[in-house]
Amino acid sequence: MYSQGTKGLSRIKTRIRELMAWADREICMEPDEFAYRRGWTVAKTGFGARRYRDPRFDQLTIPSRIAEEVS
């Protein structure tokens, strides 16, 4: 009887996780598609939360004139 209770609880937990994953995808589907079409990276940071980043920001450099003025 104990194993049946654990098995049933495990199924419930699995189903809840599946429903949460489905809801998360549904909530963020439109913004994710927008980001992917533009070539941005998407990092899931939590339920219904994402971090969107344009990889072109990594290619930006500080102009040498400004770097010399600061030094």
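Read-outs throughout are calculated quantities, based only on the coordinates presented, and are distinct from any laboratory measurement. What you see is a predicted model; the values in this text were computed from it and never measured. Reconstructed Cβ throughout: ideal geometry from the backbone, glycine too, with neighbour counts over all protein chains shown.
How far apart, in nm, are the 7 Å Cα→Cβ label points at Y52 and R15?
A separation of 3.5 nm, rounded to one decimal place.
In what order do W40, W22 fall by count of nearby beta-carbon atoms within 10 Å, going from fewest to most?
W22, W40
Is there a quick way to get the dipole size of region 2-59? I mean about its Cα centre, with the Cβ of Lys and Arg at +1 and of Asp and Glu at -1; what is the value in debye to the nearest 20?
That gives a dipole near 280 debye.
Any chance you could run the full-extension gain for A23 through T45? It's 0.36 nm times the residue separation minus the Cα-Cα distance, nm to one decimal.
Stretched out fully, the A23 to T45 stretch lengthens by 6.4 nm.
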